[in-house]
Amino acid sequence: MTKYKKILAAVDFSEYSDVVLQAALQQAECSGAALVALHVVDYSWPIDNDYLIPPGNEREEALLNSAAGRLQETLMRLAARDVRPLVVSGPPRQEILRVAEQEAADLIVIGAHGHHGIAGLLGSTSDRVLHQASCHVLTVR
């Protein structure tokens, strides 16, 4: 088994998020790795970005704060100690890959399903992360 040093668990608050976090916690415990739980606030539309009007600074801050609170509640409910929560905004696939590089993660844990709406027609976030990540990716159901 590979010994990981830093694991990034990407959660979207779907019904698979708990499974993703539990799998990441198990991997971190086995490897002695640091664990970062990431949620990406996606307020963009996947098609026709020419007409996208992003939320103002106050609206974005409210979305980020709400997601941070929800992530913290999830971690507390799962008794996930020593997990660093991180919330960012942007397109999930790009942000998961960017944060993985920034954090020097050697494993990304992501759900095989989740919130993706119309973007699912164009390829799921997990599929794109799986094929574009420069580190190991564990997809869980």
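No value in this document is a laboratory result; all are computed from the given coordinates. Please read these numbers as outputs of a predicted model, since none were measured by experiment. No Cβ is skipped: glycine too gets one built from the backbone with ideal geometry, and neighbour counts run over all protein chains shown.
Both numbers refer to the Cα atoms of the stretch 59-99; Rg and Dmax are 11.4, 30 Å. In plain terms, the chain from residue 29 to residue 2 could stretch by 8.5 nm, reckoned as 0.36 nm per residue minus the Cα-Cα distance.
Among 85-97, 66-78, how do they line up by average Cβ neighbours within 10 Å per residue, starting with the highest?
Ranked by mean Cβ neighbours within 10 Å, highest first: 85-97, 66-78.
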